[in-house]
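What follows is calculated from the coordinates using simple rules that are stated; it is not laboratory data. Quantities reported herein were computed from a predicted structural model and do not represent experimental measurements. No Cβ is skipped: glycine too gets one built from the backbone with ideal geometry, and neighbour counts run over all protein chains shown.
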Amino acid sequence: MPSDMHFHIIIAAVFWCGFVDSRKIRGISSSYKRFYRERKSFLCIDGSKIIPFEQVNDDYCDCEDGSDEPGTSACPRGRFYCTNLGFRPHYIPSSRVNDGICDCCDASDEYNSHAHCQNTCWNLGQRERAYVEGQMRTLDEGLQLKQQLIEEGVLLWREKQAQLRELQQVAEDLQIKLEEHRRKKHEADRLKEQTIKALKAGGSSLRRQNRTVSSTFKLLDSNKDGSITVDEVQAKVALVHDEEQVLSEDEAVALLGGGHQMEITKFQYTLWDILTKGDRVKIKDTHGAPGSLLGEDPHLKAADTAAEWEATNLKKVEEAYETVNMEISDLRKKLAIDYGTDWEFLFLNSQCYKLKVYEYTYTLCPFNQVTQKSTAGTEVSLGRWGMWAGTPKNQYSQMEYENGEPCWQGGSRSTTVTLTCGTETALRSVKEPSKCQYIMDFQTPVACQPVLKQRGIHSEL
Amino acid sequence: MATITERMAPVLVLWLAVCLSGTWAVDKGNFKTCDQSTFCKRQRALKPAESPYRALLETMELTNTRLTLQLINDNNKVRLLLELYRLQGNMTRVKINELKPLKPRYEVPDVLIREPPTEPLSLLSQDENGVVLSLGAESQRVIVSAQPFRLDIMEGRDVLMSLNSRGLLAFEHLRMRKDTFSYKVTSTVASVWDNIKRVFSSQVEPEAEKKEEDDPANQSETTKEEEEKVEDGMWEETFKSHSDSKPNGPSAVSLDFSLPGVEHVYGIPEHADTLRLKTTDNGDPYRLYNLDVFQYELYNPMALYGAVPVMLAHNAQRTTGIFWLNAAETWVDISSNTAGKTVFGKMLDYVQGSSETPQTDVRWISESGIIDVFIMLGPTPNDVFSQYASLTGTQSFPPLAAVSYHQCRWNYNDQEDVASVDAGFDEHDIPYDYIWLDIEHTDGKRYFTWDPHKFATPKEMLQGLMDKKRKMVAIVDPHIKVDSNYKIHNEIRSRGFYIKNKDGGDYEGWCWPGSAGYPDFTRADVREWWASMFAYDQYEGSMENLYTWNDMNEPSVFNGPEVTMHKDAVHGSWEHRDVHNLYGFYVQMATTEGLIQRSGGVERPFVLTRAFFAGSQRYGAVWTGDNAAEWEHLKISIPMCLSLGLVGISFCGADVGGFFKSPSTELLVRWYQTGAYQPFFRAHAHLDTPRREPWLFGPENTALIREAVRQRYALLPYWYQQFYHAHRTGQPIMRPLWVEYPQDPATFALDDEFLIGKDLLVHPVTEEGARGVTAYLPGKGEVWFDVQTFQKHNGAQNLYIPVTMSSIPVFQRGGSIIPKKMRVRRSSSCMMHDPYTLYVALNPQRTAEGKLYIDDGHTFNYEKKEFIHRRLSFANNILSSVNLALDAQFTTQSWIERIVILGASKPSTVTLKTADGQESQLEFDFDASMSVLTLRKPGMNAGVDWNVMLQ
C-alpha cells in the first residue's frame, strides 16, 4: 500500500517537526537554534563535552554550562527562553521551569506541572504597549518641556550672569564711594578732634575770648540786670573742694571785690580770673561747669554734627557694600552648582516641592535642603544639598542630600533623590528603607532623556 | 526584635536616656547578682558541711512504685517528705517537699508530657544507717543514708551520682511572719488582706507543731534559733527602685549533686557561654531566670531569655543528666574537685579505691516551689536524650518551609516594601520561604491587627506571597495594649484573664504599646481563648500562609524589676515568682495550639519564641535573641545552639548578620555560611541599621550569599529527615562531636564545630580575615569527605583547611548516604516533586548507610502513616533502598536522578534492578583522581524498592 505508506510518512514528518519544535529545542531562542541542529551528538555550547543528541532536554544535566537542558530544570546554571509571542521574550532561570509558578506569559515554562497557566502575553503586550506609548508620550512631551526649560535655563543663566555682573559693578561703585566716605569721615573726625583740643587747651585761651567772659557773666547774672550781686554769687558759685556748702555773705562780698555788686568790666579782671584759675571756687551748676563749656561751644557742636553725619553715611555705604558682596557670593555659590550641561536644572533652584506620606509632609528644595514635618509640627532636616550621585552614564539621575539632623544611633539623616522623566515637576514618593536614610522619587521633564532605541516588542502574533 | 531601650515610645524617652548611658554592652546593674537576690545570697552562704537533715527510716513506706520517707532538719525540726521513684527507661525521680507546708508549694504542671511511668523498686537491704534499693537489672542501686541524709546512686562499685553528699540540701519551710519588730505596716488593703489570710491559714499550724513536739529535741530552742535566723530580704526585698513584697516569706530550695569521675558538664541554657560549663567558684552561679537582656554580654553566667534546668554530665564511660523541675528563679553552682577532698559518706569511701578521681559538684538553688529532680542515668548520650524526651517530649516536627531560609527585618515598612524584597529575591535568584513582619506592622502595637495605611490589604499581600509558594510570619507578643477600643484587650479584661498585681487589680506594665496588660497564660482557659484568636475569622487579614512569632515573652516589662514582671504579681493562687520561667513556654504553647486549631488540626504550625522552658521544644523554634553584628556573636551562636540541642530544643538559630549594629560585608557573608548549617536559618536586623538584603553588597557578595542559601536548600531533604528523627527520638539535630564520639576526650570541649545529625561535620569560618581553619575530624579508622571537593581525609586528626571567602568547611562521614535535591528553586515547596541525588560516602570497609524520609511537608498526615521512610545501604557493591515503614503509605513524584559514590573504584558495569524485576544498565562517569563514581539518571521513583549493583 504505497499511497498509504506515503501518507504515514507525511504524518510522521509533520509530527516529527512538531516534536522537534516542542520537545527537543524547548527553551531556546531562535538565535540559538543553530547549536541544537538534530545530529547524532550534541556539543555542549562551552565545548566541554559531547553527548548523544537524545540527552538534550532529557531532564538530566550533562553539560557544565547547562546547555544540554534549555527546556528542563535539570541544570543548576541553565536558562529557559520564554518566547512570549505578543509580549517581550526573556530568559528565566531553569529552576523556574515546572516549579508550579507561571513565569512566562505564554505559559511555556509550566508544561509539566500542576499550575494552570494562561497565556497572558497578548494582554501584557497590550498593556505594555499602552504603557510604553504613554511613556513615549510622556517622554515626547517631557522632552519638549525640557527644551523649553533648557532655553529658560540658558536665559536664566544669562540673567543670573548679568545679575552678577551688575552686582559686581554696583560693588565696584560702592567701593569707590566707600573710600570717599571713609576719607570724609576721617576729615570730619580730625576737625572735631582739633576743636576739642582747642577747647581743652585751658583757661588762658578761654580768658582771651570776650564772649566767654560775657557768657559767664550772663550766667552768673541771674536777674539779667547787668550786675552780679551777693545773692547771685551765693546761688551760682561754690568752693572747689566743697560744692555743697553755700558761700557766706562775706565770702561772696570778697569775691565781688569787697562790694555788693559788680559790673562786667570789673568782673573780667577780678572774679573771671579767679574762676578761670579754678583752684578755689567754681560755678556750681553743671551747666556752668568749665567742662560743659565745650558742649556749649558752637564750633565744637558743628564739628561733632559733621563727624556724626559722615559716620552715618559711611555705615550706610558699608552696609550696602556688604549686602552686595553677600549677594555676589550667594549668586556665585549658586552658579557654581552643576545645573546640568544645558543649565536645565537651574530653574529648580529656589523652588520647593511637597508631598504628604502618612503623617509626614516632606519638602524638597532642590540644591538646598530636604525636610520632614510631622503633623505634630516639628520640622526635621533630612539633609542639605550635597552632590549629584547618579550613574557614570548619567550623573544627573540622582541627588544626594547629606548631614541632616543627627540620628538616634549616630550618623545623620540623608536623602537620595532619584529623578525620573515626567511632564510635571513634582515629588512622587518618599521612603525610609533604613532608619534615617530616605529615598525620594522626583519627577521632572528635565530628567527626560531621548531614547535611541526602543525595546523590542513582538507586535505580530 | 529589640529589647526595651531601643524602641522609642515617647513616654519612655527619659527612662531610655538613663538606660542608654553610653556604652554598647549590657548594663549589668539592671540585673541581679547572686548577692542581690537574697535567697541566692542566703543559700550560697551555706558551705559544704554535715547535713542537718536526717532520714527517719521508721517512716519509710515502700510501695511497688515509690518509696516515701520523712526527713527532719535537726536544727529546726521541720520535716520534709522524700519521694523516690524508679522511672521507666533508667531514670530516678527524687521529690522533696515539706511534709506539712503552711500552704501548698508550687509543683510545675504541663511540662511533663504525662505522669512518668514507674518501675518497681525493690529493697535490697536495710539497717539503722540506711537502706539499699535496687534500680533494676544493671546492678544499679540507690543507697539512702540516714544520718546525715544523702543519696548515692551506684552501678556495681561505681558511684554515679550523690545527692546531698556535701550537705547543701536546704529547704526554707513556709512560716508565719514572726519578725514583727521589723515589720513595716503597709497602707495597702491587700497587704492587710494578706495578713488576715495568713492568720487564717495558720490554723493548720498547731497540728504541725504538735508533730514537732513528738520529737525529743527541745522546742523552745528551735523557736529561738528560727527567730535568730530572720535575715534582711526574707519578707521584703528591694532591687533598684523595685520592691518585692514577698508575702510568703522565704521559700527557697537547694540541693547538691556530686558527679564522681566527671569533668565535663553541659546544658542549663540559656547562657552566652561556652558549650562546656565553667566552674562558678570565682564568680556568680549560672542563673536561670527568663529576662529581656539588652545587648547581652558574652562568656558569662548571666540569665538570658530562656531557661531549661537540665544539665548533662559526661565522661568517656557514661553520660548522665539532671533535670531540676522548678520554674522559679534558679541559680546553678558548679565546682570541680576530687572525690577525696569532699565530705563523703562511708559507702563511697568503701567502694571508691582512688581519691584522685576527678569530680564535679553541682548545686541547684531555686527561690520557691519544691525539689523535683529527674536523674537520667544514660549510659549513652542518646539514652539520656530519649530519657529526657520521654519526660518532656521531643522537638515538634516543623513544616519543611520552616526549615528553609527566613528573611526578617525590623521592619519591612509596608506592603510595597514586602513586595519589593520578595521581588529582589527572585531578581537575584536567591531562594527564601518566609518573609517576616516585626511589631511595626500592627496598628499601634495592637497585636492581631494591621497598620491601616502601611498594611491596608494584608490578604492581598499574603496572596501575592502564596502565588510564589512563599509564606509570612507576623509577630504577636503577649503584652496587650490597655486601650478600651482594642477588642483583644476588652475581651481579656472582661473575662478576667489578665495577670493580677499584688493588690488584686490587673497588672500593668510598660512595653511597646505603652501601658500593657499580660494575659495569664498559665491558665488553660486563657490559653484556649488565645488559641481561638488565631482562627481565620478572628485574626483579620490572616491566611493559611501566615505564621507567628512570640517575642518579649519572658515576659518583658520595661518598667519592671530586671525588665520583667514583679515577682509578687498573682496568677490565681500562685505568685509570679513560682511560675516566671514558664510564662514564655505557655505563650508559645497557646499560640501553637491556635495555629493547629485554625486549620482544623490539619496543618503543622510554626511559632518562634524568644523565652522558653523545658518542654518548649514541643511548640516550635527558638532563637538566641538580640545578638549583635560582631564576630564573637557569630562564634557564640554555635555553643548556644549546641547547648539548647542537648536539652531537647533542636530548632535553634541566631539572627544571621547580628541584630544590633551593622555587620561588615565579610561578617555578613560568614554568618550566612554559618546560619545555612544551623537548624533555624533567619536573617534579622535592628530598625536602626542600614538595609542588608543579600544583594546590597555587590555582585560578588550576592553570589557568595546565594551559594550559602542554595547549599541549605540542596540539603533540605537531609535537614528534614533530621527534624523527623529529632521528633521521633529527641536526639539533637545540631550536635556536639562528643555526642557521636563519646569516648574521644578530644571532642569533649569542642564548640567551634559541630555535627548535623551524625553524618555531616561543619566547621564554619568565624574569624575575620581567616585564611584557614583547623577542624578536628573525629573517629579513629573513619574517613571524612569534603562535600565540595570530595577529597577524603582520615578521622582522629586535626585538619588544617585553607579557606577563601567562598569556603564553608563541611565534611560527610565515610559510611553515610545523604539525599539532596540539586534543583534549587525559589522556595522549598517549589522543590517538592524534584528528583534526588544520593551522595554515598564509603567508609574504609566500603559500606554506607543512610535514610530517606518523604512526606507532604506540611500536614499532620505523617501521624497517620502517610510518609515514605526508607533505608539506603551500600554493601558488597550493592546499593539498595528498602522500606523502613511497611505500614506507611505515601507516594511521591520524586525520583532518583543521580547517585554519587565517594571513595569508589571504577566498575565495569552498573545494573539497576527495580522491584518488578526489571534490570537496566546505567551510564556512569568515574573521576579517578577523586575516586568519585557518578551514576547517570537511574530514574527510579524515590518511594520504591530498588538496588544498584556495581560490577
- Message: Could you check the spin-label model distance between B:N861 and B:E700? Points 7 Å from the Cα along Cα→Cβ, value in nm.
- Response: 4.8
- How large are Rg and Dmax for region A:24-118 when only the alpha carbon atoms are used, in Å? 12.9, 38
- At 7 Å along the Cα-to-beta-carbon direction for both A:L85 and B:S806, put a label point, then send me their distance in nm to one decimal. 4.1
- Task: Please give the FRET efficiency for A:E308 paired with B:V230, using the beta carbon to beta carbon distance and R0 = 56 Å, rounded to the nearest 0.05.
- Result: 0.05
- Task: Please label the shape of the protein assembly as shown as rounded, prolate or oblate, based on the square roots a ≥ b ≥ c of the eigenvalues of the alpha-carbon gyration tensor (a/c under 1.5 means rounded; beyond that, a/b larger than b/c means prolate, else oblate).
- Result: oblate
- Note on the structure: Taking a straight Cα-to-Cα line shorter than 19 Å from B:K792, and setting aside same-chain lysines fewer than 8 residues away, one finds B:K758, B:K780, B:K906
- Rounded to the nearest 0.05, what FRET efficiency do B:D35 and B:D506 give with R0 = 30 Å and r taken as the Cβ-Cβ distance? Could you check? 0.35
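For chain A, what does the alpha-carbon gyration tensor say about shape, rounded, prolate or oblate, given a ≥ b ≥ c as the root eigenvalues, a/c under 1.5 as rounded, and a/b over b/c as prolate?
prolate
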- Message: Let me make sure I get this right: for region B:642-760, a, b and c are the square roots of the gyration tensor eigenvalues over alpha carbons, sorted descending. Under 1.5 in a/c it's rounded, otherwise prolate if a/b > b/c, else oblate. Which is it?
- Response: prolate
- Item | Cα-based Rg / Dmax (Å) for region B:835-950 | 14.7, 47
- Kindly list the residues of region A:143-160 that lie in the label zone of A:S350, defined by a backbone N under 19 Å from the point 7 Å along the Cα-to-C-beta vector. A:149-160
- Task: With label points built 7 Å along Cα→Cβ from the Cα atoms of A:E166 and A:S48, find their separation and express it in nm.
- Result: 7.2
- Here the FRET efficiency for B:T847 versus A:I439, based on Cβ atoms and R0 = 41 Å and rounded to 0.05, is 0.10
- Item | Calculated from backbone phi, Karplus (6.51, -1.76, 1.60) coupling profile of region B:803-810 in Hz, x at Gly/Pro | 10, 10, 5, 8, 7, 10, x, 9
- B:K567: which lysines have alpha carbons under 17 Å from its alpha carbon, excluding same-chain residues fewer than 8 sequence positions away? B:K32, B:K240, B:K246, B:K500, B:K502
- Message: I'd like the antiparallel share, as a percent to the nearest 5, of DSSP beta bridges with both residues in the protein assembly as shown.
- Response: 85
- Please work out, to two decimal places, the log10 of the ratio I(q)/I(0) at q = 0.07, 0.08 Å⁻¹ from a Debye calculation in which every Cα of chain B carries one identical scatterer. -0.60, -0.78
- Note on the structure: With Rg from the Cα atoms and Rh as the Kirkwood inverse mean 1/r over Cα pairs, region A:346-447 has an Rg/Rh of 0.96
